[in-house]
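Read through the structure below, which is laid out as structure tokens, and then see the notes.
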Amino acid sequence: MASIPIRARQPQASEEKKVIFASSLGTVFEWYDFYLYATLAPFFAALFFPKGNDTAALLSAFATYAAGALLFGRIGDLVGRKYTFLVTILVMGFATAAVGFLPTFESIGWLAPFLLVSLRLLQGLALGGEYGGAATYVAEHAPEGKRGYDTSWIQTTATLGFFLALAVI
């Protein structure tokens with residue numbers, strides 16, 4: 001029987017490792033912020049939505065998810081992915097911090113859920129932009145034959161972000 005030669009796996013170049021690490025780390029933090037909100041929504045939904053229907057308040061809190069891959073994907077194509085990553089991280093950080101400073105429904109009425117939904121939409125846009133952009137960025141820098149392997153690191157970021165949010169909570 002003839003043996004089939006096995007190609008030795010080439011070590012990843014330093015630049016390739018940096019791209020994978022930086023893209024994955026940024027995306028983990030985006031997912032962390034996103035899941036932090038989702039995990040705590042049952043506890044704070046009653047603060048930002050009218051009293052009387054807890055189920056509607058919870059569903060309203062969850063209904064604020066949005067995605068921004070199209071928006072930030074286009075920006076990444078126009079001005080570069082690194083700049084776009086910085087923008088998405090800043091948008092996510094601002095929106096997450098601003099949620100912590102929002103007044104409750106009892107304080108400002110219907111403006112509270114409006115502000116919460118607006119900030120949540122910003123978070124969703126930032127996450128969609130970061131996640132889609134990171135996968136594209138890694139794929140663009142991956143050597144031929146390793147795109148699937150290299151981009152698989154981006155796929156793990158959602159789970160890592162979720163575990164990080166649960167650990168903090």
Next item on the list: Determine if segment 32-45 includes at least one residue that is part of a helix (DSSP H, G or I) and at pLDDT below 75.
Entry: yes
Checklist line | In segment 69-98, the residues that are open to solvent by 30 Å² or more (accessible area, probe 1.4 Å), modelled with pLDDT of 85 or more and either over 15 Å from the mean Cα position of the chain (by Cα) or of a type in the set (Gly, Ala, Ser) (or both) | finding: Gly93, Ala97
Item checked: Candidates Thr104, Thr151, Thr136, Thr157 - the one that is among the hydroxyl-bearing types (Ser, Thr, Tyr) and open to solvent by less than 20 Å² (accessible area, probe 1.4 Å) -> Thr157
Notebook entry, point to check: How many residues does segment 79-111 contain that are assigned to a helix (DSSP H, G or I) and under 19 Å from Leu36 (Cα atoms)?
Noted result: 14
Checklist line | Enumeration of residues in segment 124-160 that are in a helix (DSSP H, G or I) and either in contact with a Leu (Cβ under 9 Å, 6 or more places away or on another chain) or β-branched (Val, Ile, Thr) (or both) | finding: Leu125, Ala126, Gly128, Gly129, Gly132, Thr136, Val138, Thr151, Ile154, Thr157, Thr159
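The values are calculated or read from the model by the stated rules, or taken from the named source; none is laboratory data. Predicted model only: the values in this text are computed from it and were never measured. Cβ coordinates were reconstructed from backbone atoms using ideal geometry, including for glycine residues, and neighbour counts include every protein chain displayed. Just the protein is used for accessible areas: all its heavy atoms, side chains included, with ligands, DNA and RNA removed. Shrake-Rupley method; radii C 1.70, N 1.55, O 1.52, S 1.80 Å.
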